[in-house]
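In what follows, a structure is listed as structure tokens, so that the remarks can point back to it.
The values are calculated or read from the model by the stated rules, or taken from the named source; none is laboratory data. These numbers were taken from a predicted model, which means no experiment stands behind them. Reconstructed Cβ throughout: ideal geometry from the backbone, glycine too, with neighbour counts over all protein chains shown. To get the accessible areas, we keep the full protein, side chains included, count just its heavy atoms, and leave off ligands, DNA and RNA. Shrake-Rupley method; radii C 1.70, N 1.55, O 1.52, S 1.80 Å.
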Amino acid sequence: MGEDLRNEAERRMPPPPEDPAPFLASPLPPMRTCDWLLKPARRIDATFTKVDDALDWLAERYKSAEPSFLAPHAEAAIGLDFRLHLARTSLEGGVDVQWGFWLTGGRFLTCGVVCCPNRQADHRCPAA
């Protein structure tokens, strides 16, 4: 999937009157984190009402991917604890969190927590 990230046309919601179907159907992550709210509900891995639960989910994703990090030495300079600290600050302020990691084999992992309602876009909340 890593090379597919260059396909920005599928990663951006087109302006009206263009057809949004390619964006909505694309397995690629959107360019704007808030646009995850436009994707089909089946793309939602989990929902949370508490920041701590969202942070636990992010930590689980990180730990499961950690053995496959392409540059573990570079990631160690940032580390999970610092990432979680920044994520807490962001989420408590109503700001989305998006993490991305290059993995071995040319793969790319993206995981995000999207606030709803959202500050950047007036998209519907899937659970609403």
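Worth pointing out:
- Of the residues making up the range 53-73, those that are open to solvent by 80 Å² or more (accessible area, probe 1.4 Å) and of a type in the set (Lys, Arg) number 1.
- Unmet requirement for Leu28, which otherwise passes all of (1) touching a Pro at 6+ places or on another chain (Cβ under 8 Å); (2) more than 26 Å from Glu92 (Cα to Cα): (1)
- With respect to (1) at pLDDT 95 or above; (2) touching a helix residue (DSSP H, G or I) at 6+ places or on another chain (Cβ under 9 Å); (3) of a type in the set (D, E, K, R), the lone exception for Asp35 is condition (1).
- Residue ID - nearest to Leu109 (Cα to Cα), chosen from residues in the range 14-37 that are open to solvent by 70 Å² or more (accessible area, probe 1.4 Å) and in a loop (DSSP other than H, G, I, E, B): Pro27
- Out of Trp102, Trp57, sole residue that is among the aromatic types (Phe, Trp, Tyr) and touching a strand residue (DSSP E or B) at 6+ places or on another chain (Cβ under 7 Å): Trp102
- Every condition in (1) modelled with pLDDT under 95; (2) surrounded by 16 or more Cβ atoms within 10 Å (Cβ to Cβ); (3) not polar (S, T, N, Q) is met by Ala76 except one, and the failing one is (2).
- Test: residue in the range 93-103 that is touching a helix residue (DSSP H, G or I) at 6+ places or on another chain (Cβ under 7 Å), aromatic (Phe, Trp, Tyr) and more than 29 Å from Met13 (Cα to Cα): no
- Checking Val51, Val113, Val97 one by one, the residue that is β-branched (Val, Ile, Thr), modelled with pLDDT of 95 or more and over 14 Å from the mean Cα position of the chain (by Cα) is Val51 and no other.
- Any hit, the range 38-49, residues being part of a helix (DSSP H, G or I) and open to solvent by less than 40 Å² (accessible area, probe 1.4 Å): no
- Set Trp36, Trp57: member being among the hydrophobic types (A, V, I, L, M, F, W, C) and within 28 Å of Pro20 (Cα to Cα): Trp36
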